[in-house]
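Here the structure is laid out as structure tokens; the discussion comes afterwards.
What follows is calculated from the coordinates using simple rules that are stated; it is not laboratory data. All values reported here derive from a predicted model rather than from experimental measurement. Backbone-built Cβ (ideal geometry, glycine too); neighbour counts: all protein chains shown.
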Amino acid sequence: MIFQALAAADVPYQRGGKSHATGFDCSGLVAHVYRAAFGLALPHNARAQSRLGETIPPGALQPGDLVFYNTQGQPYSHVGIYLGDAKFIHAPKPGSAVRIESMRGGYWTRRYNGARRIAAL
């Protein structure tokens, strides 16, 4: 699963994107990775993804968990995939590409909404 996520690094951001060919938005990246790795059909919407699986406290994060952020003035408006060592991969915004970030950065720390673990893991 992590290899699927890392294979998307540097793919351009595209609102509504859900593949390497079309680019990715945040929830499209998550949906693509989970479909490719596990055959799971996750919704293409960060808020809807935030309702799946079980809630995970920050100290219990494991690679593959979904991490959620408030980036648009509303909770659960952004999602990424936790990689370990306080890092996650995501499709951040227009004009950028899929990349790895530290969860310890001030921007992300202030906007963190929580994490979920999808049961199929």
Working only within the range 11-31, note down all residues that are assigned to a strand (DSSP E or B) and not hydrophobic (A, V, I, L, M, F, W, C).
PRO12, TYR13, LYS18, SER19, GLY23
Can you tell me how many residues in the range 88-121 are closer than 24 Å to ARG51 by Cβ, part of a loop (DSSP other than H, G, I, E, B) and out of contact with any strand residue (DSSP E or B) (no Cβ under 9 Å at 6 or more places or on another chain)?
2
Screening SER96, SER27, SER19, SER50 for residues that are touching a Lys or Arg at 6+ places or on another chain (Cβ under 7 Å) and of a type in the set (Gly, Ala, Ser) leaves only SER50
For the range 1-44, which positions are in contact with a Pro (Cβ under 6 Å, 6 or more places away or on another chain) and of a type in the set (A, V, I, L, M)?
ILE2
Within the range 45-58, residues farther than 18 Å from MET1 by Cβ and either of a type outside the set (S, T, N, Q) or loosely packed, with under 15 Cβ neighbours inside 10 Å (or both) come out as ALA46, ARG47, ALA48, ARG51, THR55, PRO57, PRO58
Applying the selection to the range 29-63, what residues are of a type in the set (D, E, K, R) and closer than 18 Å to ILE89 by Cβ?
ARG35
Within the group LEU83, LEU61, LEU29, LEU6, which residue is surrounded by 14 or more Cβ atoms within 10 Å (Cβ to Cβ), out of contact with any helix residue (DSSP H, G or I) (no Cβ under 9 Å at 6 or more places or on another chain), touching a residue at least 12 places away in the same chain (Cβ under 8 Å) and under 21 Å from TYR112 (Cβ atoms)?
LEU61
In the range 32-84, what residues are more than 20 Å from GLY106 (Cβ to Cβ) and assigned to a strand (DSSP E or B)?
GLU54, THR55, ILE56, LEU66, ILE81, GLY84
